[in-house]
1. So for the range 180-203 (the condition being surrounded by 13 or more Cβ atoms within 10 Å (Cβ to Cβ), in contact with an Asp or Glu (Cβ under 6 Å, 6 or more places away or on another chain) and within 30 Å of VAL115 (Cα to Cα)), does at least one residue qualify?
2. Report, ordered by the first and then the second residue, all pairs with beta carbons closer than 6 Å, sequence separation of six or more or different chains, a first member in the range 137-164 that is on the phi < 0 side of the Ramachandran plot, and a second member that is of a type in the set (Lys, Arg).
3. Could you list, in sequence order, the residues of the range 82-110 that are without any contact (Cβ under 8 Å) to a residue 12 or more places away in the chain and either over 14 Å from LYS126 (Cβ atoms) or assigned to a strand (DSSP E or B) (or both)?
4. If you go through the range 484-534 one residue at a time, how many are of a type outside the set (Val, Ile, Thr) and in a loop (DSSP other than H, G, I, E, B)?
5. Condition first: in a loop (DSSP other than H, G, I, E, B) and of a type in the set (A, V, I, L, M, F, W, C). Now tell me which residues in the range 211-231 satisfy that.
6. Kindly provide the set of residues from the range 238-267 that are farther than 24 Å from GLN303 by Cα and crowded, with 20+ Cβ neighbours inside 10 Å, ordered by number.
7. Which residue pairs have Cβ atoms under 7 Å apart, sit 6 or more places apart or on different chains, and have a first residue in the range 295-317 that is farther than 17 Å from LEU380 by Cβ and a second that is in a helix (DSSP H, G or I)?
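The values are calculated or read from the model by the stated rules, or taken from the named source; none is laboratory data. Values in this document were obtained by computation on a predicted structure and should not be read as measured data. Reconstructed Cβ throughout: ideal geometry from the backbone, glycine too, with neighbour counts over all protein chains shown.
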Amino acid sequence: MALCGIGLSPSVENAEVVSLSGNLSTRLIRRSPMRFIGKPSNLNRRQCWGVRCSSARKAVSSMESEVNAQTASLDSVEEELEHVTRFKISNFKILDCVSVGLGGRADEVIFEAIVKDANSPLNNTKVVLRRLTSAQAQRRGKRAIEVLKKLVRRKLMYHSYSMQVHGYISSPTSSGRVSFTLVHGYHGSFSLRHWLRQSDWLPTLEATLALDEECVRRVGDDTVGGPAISRQLRLFRILMRDLLIGVNYLHSHGLAHTELRLENVHISPVDRHIKVGILGNAADFYENGLNSSTLDNNQDRRQMMIAFDMRCVGFMMAKMVLRELMDPFIFTKFKSFLTKGNDPSCLREFLLQFLSRNSPSGNSGLQILDRNWGAGWNLLSLLLATKSSKRVSCLDALRHPFLCGPRWRVVPSMDIIRWGLGSTAVRITEEYIYGQPQRSRLAHFIELMEMLNPNSKPKNWLELLPGKWRLLYCTGRHIGLTLRQPNARVLIGDVRLAVSRASKLSTNLSFTSEIGFKIMIGKDWPHDKTGISGKLEVNSLFRLTAGRRLYLKEEKTTGKFTLGPSSIQGSLAKKLSGRKWRKAIPFKEFPSSLPVAKLASGDIEVTMNLGEPLNQNIDTAKNAVQEIRTQLPPEMFDLSKLVCGTYVDSRLLVLRGVNGSALLFTRSCDDAMD
């Protein structure tokens, strides 16, 4: 207030000082000298001036120090950001509305504006002004401009896949701090998340991207329209490929995005490309350059950052395809399943718990991921792999069959072939129509899986076998639809095989067959199938060793058995000799034996629990056990009939019984979703 006692001149310099109290002018503010008006005419007036100046000297010096600090701060900002344009607030016409898709953080204030500068190439162009209020937000803004130095060398890629930063506005405020506003491109009113939440998102996005035959050829397709599932798959391929190209563009320049979310991604209706944000939190792969002393650490840092970005891409893909994950509660369960260490290859088994319910998308996402032998689930599991070293890169993801249309020839890897065989077998078992064609196909697929088993050594079995497995199918005897009248009407639920290992040094395994069922009271099947719940458990100890499975063939002339393929294996060998499977199978001819995990069982213990009032009736329990044994494969009731394991991975398991029948299991998820 003492400063007000000085008679300041209403000159340009004076206006410059006053502008510190809130004017948003972007001129570089310099400290101006203070001038007195007129000349004192007598000594008393000089003394008065002297007294007043001395009383205000402390305030003046404080003001000058603040101005110096602000000037130095503005000068340093100019030096750091000299490669972009510094705008003035007068260069813009601020609009009175802001699009919902531009919503920022709590420390950001968003404006839409139109450039009004005849000398600027952006004249009459709509832009976004992102005012960064906190120090952390301003660091993000300056980082976005700093990243521009690295990316601007390839301007075409930068303009196509990144939200272009045009410049900034910087001016001091009355509080002594510097206001910093980022000026970047406007790419539509919606983020990708807002697009996908629209009721008519599919035709609207197709119109925005102007999908035609020329456009869809970018993903290996040459058709437009068709069923809704085909249209969605085609659109997701275009969006995912564009997103991966943009992320790979950053990775190739030594940068990780670190903030890939649907909210940060926009679709430009002008060039029809995905923009991966303003890169305010982009991180460098190499902190200390490429020095030999820190090369190993830099490589680990690079791998970790790429893996983090790919995991974010996986979350985005999951939300795009599976609309149910837009629900925050379901997505939290989804992330919790992964953070607990569960293998992402089991995501389908986990997500079926709520995707099979009445969903607004009609389970279209499930159908999309199941197409092409379950290729979508495979890509999703690679993007969300638990170990960072196992996650797929952008270039490998772009070559994945799920993102390549039918017109592109893709040579699948052995892992993709195994995945496709297993996924197709699982899909057939879910049809519950076990006619001869289905049973024959399932037997062929299981035989192929056994031939391509990647984990044939006992140590691999000891690592992968522990866990809980759900029975899907048995190649042995099937009851089917009959007119028989059982003594107890038993409805079988899930049948699981729980395997546990006492210690890592032990080769002994504990097998527990868990059979859930319901008993219907009365002579006839009631319409309400609630019944009385029960559970049957069979326990046994096994010792796992290495072994081989021999294929026997009976000679017609002598009636003796010799080594070679049987009738089923013979037809399989004939099929494998064709051109389609010749490159996929690593055998030139059908082998006489294959490595397996041999299982030697011990004693068996059977327990059963029944709910009231049947828990007091011994005859009912006997009849229930007899009916369960009739409906189930004998290997699940008498575990000693399991003799070897022929296939295992993180998702599927195949065990063989003493009679040669195969039992197909899928890894069960303990985290049930209500």
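1. Restricting attention to the range 180-203, the residues satisfying the condition of being surrounded by 13 or more Cβ atoms within 10 Å (Cβ to Cβ) are 180-197, 201-202.
Narrowing the set further to residues that are in contact with an Asp or Glu (Cβ under 6 Å, 6 or more places away or on another chain) leaves 191, 193.
Pick out the ones that are also within 30 Å of VAL115 (Cα to Cα) and you get 191, 193.
Yes, because at least one residue in the range 180-203 is surrounded by 13 or more Cβ atoms within 10 Å (Cβ to Cβ), in contact with an Asp or Glu (Cβ under 6 Å, 6 or more places away or on another chain) and within 30 Å of VAL115 (Cα to Cα).
2. MET163/LYS275
3. Once the filter is applied, which keeps residues that are without any contact (Cβ under 8 Å) to a residue 12 or more places away in the chain and either over 14 Å from LYS126 (Cβ atoms) or assigned to a strand (DSSP E or B) (or both), the range 82-110 yields GLU82, ALA106.
4. 19
5. Matches in the range 211-231: LEU211, VAL224.
6. Correct list: ILE238, LEU239, HIS266, ILE267.
7. Partner pairs satisfying both residue conditions: GLN303/SER388; GLN303/SER389; MET304/SER388; ILE306/HIS251.
The rows are residues; the columns are (1) more than 30 Å from ASP221 (Cα to Cα); (2) in the same structural domain as LEU505 (by TED's automatic domain parsing); (3) modelled with pLDDT of 90 or more; (4) in contact with a Cys (Cβ under 9 Å, 6 or more places away or on another chain).
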residue: VAL411; (1), (2), (3), (4): no, no, no, no
residue: GLU431; (1), (2), (3), (4): no, yes, no, no
residue: TYR434; (1), (2), (3), (4): yes, yes, no, no
residue: LEU442; (1), (2), (3), (4): yes, yes, yes, no
residue: MET449; (1), (2), (3), (4): yes, yes, yes, no
residue: ASN455; (1), (2), (3), (4): yes, yes, yes, no
